[in-house]
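Peer 1: Got a structure for you, written out below as structure tokens; questions coming shortly.
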Amino acid sequence: MGPSYHCSRRTFFSLTFRQGHNWGGDFSLYVMHAINLHDGLPYVETPYILNPREPLLSPVAYPPGFPAFLVPVYHSFGVDLTAMKGMVVVSFVLALAILAVAWRQKLSFKSWLALLIIMGFNYQYWHANRPYSFRPPFHVIYFCLPYSQPMGYPPPR
């Protein structure tokens, strides 16, 4: 990947990055779980108030993967929503880098570059991953899975 791709992607991310939060969704439960993990408190005992009229809005507890991902940010910056979104952006860039390495030898240069441009600049993908989403950290793990196979084990077809 050339410097122009990195520069344009970095410019795109900085232009679309917004501080603060739109106050929709249930992101606060992720943050409360991260605080409990950091402070060694029982994971599900948060001050989050469930809405009995909207039982599908949020579960009592989320799986600990994304909250565990937020713990270092909380430890360093406290409840700083911009820093937490920054960590999501870093994981998105890391997922793209892993994708680039994984597909470089399997595709022609033009196809490989098209894949990176489509994934890196696709509005629907980028918008779905904002502002507090488990998706980019999940993609980092997901894109690393092919490399976790033992040597000599044939890859799936």
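The values are calculated or read from the model by the stated rules, or taken from the named source; none is laboratory data. On a predicted model such as this, the values are computed, not experimentally measured, just so you know. Cβ placement follows ideal geometry from the backbone for every residue including glycine, while neighbour counts extend to all protein chains displayed.
Peer 1: If you go through region 67-91 one residue at a time, how many are more than 13 Å from H38 (Cα to Cα) and part of a helix (DSSP H, G or I)? Reasoning before the result, please.
Peer 2: Keep residues of region 67-91 that are more than 13 Å from H38 (Cα to Cα), which gives 80-91.
Filter once more, so that each one left must be part of a helix (DSSP H, G or I): 81-91.
Number satisfying all stated conditions: 11.
Peer 1: Next question. Keeping to region 18-46, report how many residues are within 17 Å of F66 (Cα to Cα) and at pLDDT below 85.
Peer 2: Residues that pass the stated criteria total 4.
Peer 1: Please find, among F12, F77, F69, the residue that is modelled with pLDDT of 80 or more and surrounded by fewer than 15 Cβ atoms within 10 Å (Cβ to Cβ). Let's see the steps before the verdict.
Peer 2: Details: F12 fails: modelled with pLDDT of 80 or more; F69 fails: surrounded by fewer than 15 Cβ atoms within 10 Å (Cβ to Cβ).
Going through F12, F77, F69 in turn, just one is modelled with pLDDT of 80 or more and surrounded by fewer than 15 Cβ atoms within 10 Å (Cβ to Cβ): F77.
Peer 1: Report yes if some residue within region 94-109 is charged (D, E, K, R), in a helix (DSSP H, G or I) and at pLDDT 80 or above; otherwise report no. Reasoning before the result, please.
Peer 2: Of all residues in region 94-109, those charged (D, E, K, R) come to 104, 106.
Then drop every residue that is not in a helix (DSSP H, G or I), which leaves 104.
Applying the additional criterion that residues be at pLDDT 80 or above yields 104.
Yes.
Peer 1: Test P63 against the criterion of being farther than 24 Å from V140 by Cβ, out of contact with any Lys or Arg (no Cβ under 8 Å at 6 or more places or on another chain) and without any contact (Cβ under 8 Å) to a residue 12 or more places away in the chain, and give yes or no.
Peer 2: Values: farther than 24 Å from V140 by Cβ: no; out of contact with any Lys or Arg (no Cβ under 8 Å at 6 or more places or on another chain): yes; without any contact (Cβ under 8 Å) to a residue 12 or more places away in the chain: yes.
Here the answer is no, as P63 does not meet what is asked.
Peer 1: Hey, can you tell me all the residues within region 47-66 that are assigned to a helix (DSSP H, G or I) and either modelled with pLDDT of 90 or more or surrounded by fewer than 17 Cβ atoms within 10 Å (Cβ to Cβ) (or both)? Spell out the reasoning first.
Peer 2: Restricting attention to region 47-66, the residues satisfying the condition of being assigned to a helix (DSSP H, G or I) are 65-66.
Matches in region 47-66: G65 only.
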